[in-house]
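The values are calculated or read from the model by the stated rules, or taken from the named source; none is laboratory data. What you are looking at is a predicted structure, and each value in this text was computed from that prediction instead of being measured. Ideal geometry is used to build each Cβ from the backbone, glycine not excepted, and the neighbour counts take in all protein chains shown.
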Amino acid sequence: MHAAVVEQFGKPLVLREWDIPIPGPGQILVKTEACGVCHTDLHAARGDWPVKPTLPFIPGHEGIGLVAALGAGVTQVKEGDRVGVPWLYSACGHCEYCLSAWETVCPKAEFGGYTQNGGFAEYILADPNYVAHIPGGLTAQEVAPIICAGVTTYKGIKVTEARPGEWIAISGVGGLGHLAIQYAKAMGLRVCAVDIDPTKLAHATRLGADVTVNASLGDPAEAVHKATSGGAHGVLITAPSLGAFKQGVAMTRRRGTCVLVGLPPGDFPIPLFDVVAACITVRGSFVGTRHDMAEALAFAAEGKVRADIEVLPLQSVNDVFVRLHHGDVASRVVLELFGK
């Protein structure tokens, strides 16, 4: 099969032939139709994070396709089902986190396109217990970003604990942020969108943002406080920028919650006095559980959330990575795969 492979960290992916995997007991084989490209794929290919993938590996954790073969004992899906193979590839299923429906922080969790080969290939091995079940009426291309960017932002909004009618500030109106705005509006929140790109802010307004703030013009935290009469009840930081993280805490209302989902390299400088004095909660949020996934997909199936996508062939992956590095991707790129 054709695959885009990371053979060396920081080097272009190699388009090469790779053996089609054979599903063992409890596994399935998925014939990939499309796979979204996430900034995490770029971090993986560069080896940016402390725990690195084992070389060589195939990135991609927004793979959508049809079940092509079943390993022994698989009953959860059948051949021909359309499924997604997401970032949460599998978990142990019996630790305290799995048993309390927090499988995303399972110490033995495996991750698609990182610790397990992912969707930049014509076929993907998957764990049928953790695949996303794609509702009818959604194409592989349009649903691919929902199983990562969608569920990540949906979960992030949930854990801000902002209630309908309250304010949420969404920092970064890119691949994650443009979906976050739509989820937040569908959940009854008032949205203040923050970015440095006027084009993206205009896009945010079209998506339903109530207020926009250009972070390159003056103090964005001051502007958010003014627009929301005291700061946002919830803040979701999607921009992979340490500066945006620091600004996000400053945008948060007293007793509000600032949720971090972007993952820029480096350490986060938390303004401790502000956090303590204003009783602010700073919380990390890591993708979403299987239950979150089903809810996030339901919003998309109902037409309340739609990813803005640019569809390109798998062979474009290195150009897409260059564009991602330079911030030259407006929303989300989806790679198409048409293997035999």
query: Has segment 106-122 got any residue that is hydroxyl-bearing (Ser, Thr, Tyr) and under 13 Å from the mean Cα position of the chain (by Cα)?
result: no
statement: Those residues of segment 264-289 which are assigned to a loop (DSSP other than H, G, I, E, B) and out of contact with any helix residue (DSSP H, G or I) (no Cβ under 7 Å at 6 or more places or on another chain) amount to Pro265, Asp267, Ala278, Cys279
message: Report every pair of residues separated by at least 6 positions or lying on different chains whose Cβ atoms are under 7 Å apart, first residue within segment 205-222 and within 12 Å of Ala169 (Cα to Cα), second of a type in the set (Gly, Ala, Ser) and surrounded by 15 or more Cβ atoms within 10 Å (Cβ to Cβ).
response: Ala209/Ala193; Val211/Ala227; Thr212/Ala193; Thr212/Ala204; Val213/Ala223; Val213/Ala227; Ala221/Ala250
query: Taking only pairs six or more apart or across chains, which ones have beta-carbon atoms under 9 Å, a first residue in segment 269-283 that is surrounded by 15 or more Cβ atoms within 10 Å (Cβ to Cβ), and a second residue that is at pLDDT below 90 and in a loop (DSSP other than H, G, I, E, B)?
result: Val282/Phe268; Val282/Ile270
statement: Ala186 passes all but one of the listed conditions (1) out of contact with any Asp or Glu (no Cβ under 6 Å at 6 or more places or on another chain); (2) crowded, with 18+ Cβ neighbours inside 10 Å; (3) modelled with pLDDT of 95 or more; the exception is number (2)
query: Of the residues that sit in segment 290-312 and are assigned to a strand (DSSP E or B) and not charged (D, E, K, R), which one is farthest from Thr139 (Cα to Cα)?
result: Leu312
Only listed residue being assigned to a helix (DSSP H, G or I), of a type outside the set (S, T, N, Q) and either surrounded by fewer than 24 Cβ atoms within 10 Å (Cβ to Cβ) or out of contact with any Ser or Thr (no Cβ under 9 Å at 6 or more places or on another chain) (or both), chosen from Ala68, Ala45, Ala72: Ala45
query: From Leu297, Leu312, which residue is in the same structural domain as Gln141 (by TED's automatic domain parsing), buried (at least 19 other Cβ atoms within 10 Å of the Cβ) and not small (Gly, Ala, Ser)?
result: Leu297
- prompt: Looking at segment 148-171, which of its residues are in contact with a Ser or Thr (Cβ under 7 Å, 6 or more places away or on another chain) and either among the basic types (Lys, Arg) or modelled with pLDDT under 95 (or both)?
  reply: Lys155
field: Spans of strands (runs of 3 or more DSSP E) in segment 127-215 with at least 1 residues of a type in the set (Lys, Arg)
entry: 190-195
